[in-house]
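Notes follow the structure.
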Amino acid sequence: MKEFCVRILGYILFLPFLFFYSYILGHALKAVLVPGGLLLLFIIQGWKDGVVPFIGCMKGQKSGANRLIQTKP
């Protein structure tokens, strides 16, 4: 009986936190961590090797650095 009560108490405590993370906190973290990760990547790579090819890919243009990476015409 004690194991059953502990299991039910575990579900009662676990499920609200699971829903909170999945539907509220998860989206907030994605909104902060994805742009922050891209910014850190751009800082590490620099303007010429990081930002310019990324902007070219987003616009659909092929920059000089992007031509070296792509294998298909």
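Between K30 and V6, how high is the FRET efficiency from 1/(1 + (r/R0)^6) when r is the Cβ-Cβ distance and R₀ = 25 Å? Nearest 0.05. Spell out each step's value before the answer.
Numbers: r = 34 Å, r/R0 = 1.35.
It comes to 0.15.
Pop a pseudo-label 7 angstrom from the Cα along the beta-carbon direction at both L38 and M58 and give the gap in nm to one decimal.
With each label placed 7 Å out from Cα toward Cβ, I get 0.5 nm.
Rule-based calculations on the coordinates, nothing more; no lab input. What you are looking at is a predicted structure, and each value in this text was computed from that prediction instead of being measured. Neighbour counts are summed over all protein chains in view; Cβ atoms, including those assigned to glycine, are modelled from backbone coordinates with ideal geometry.
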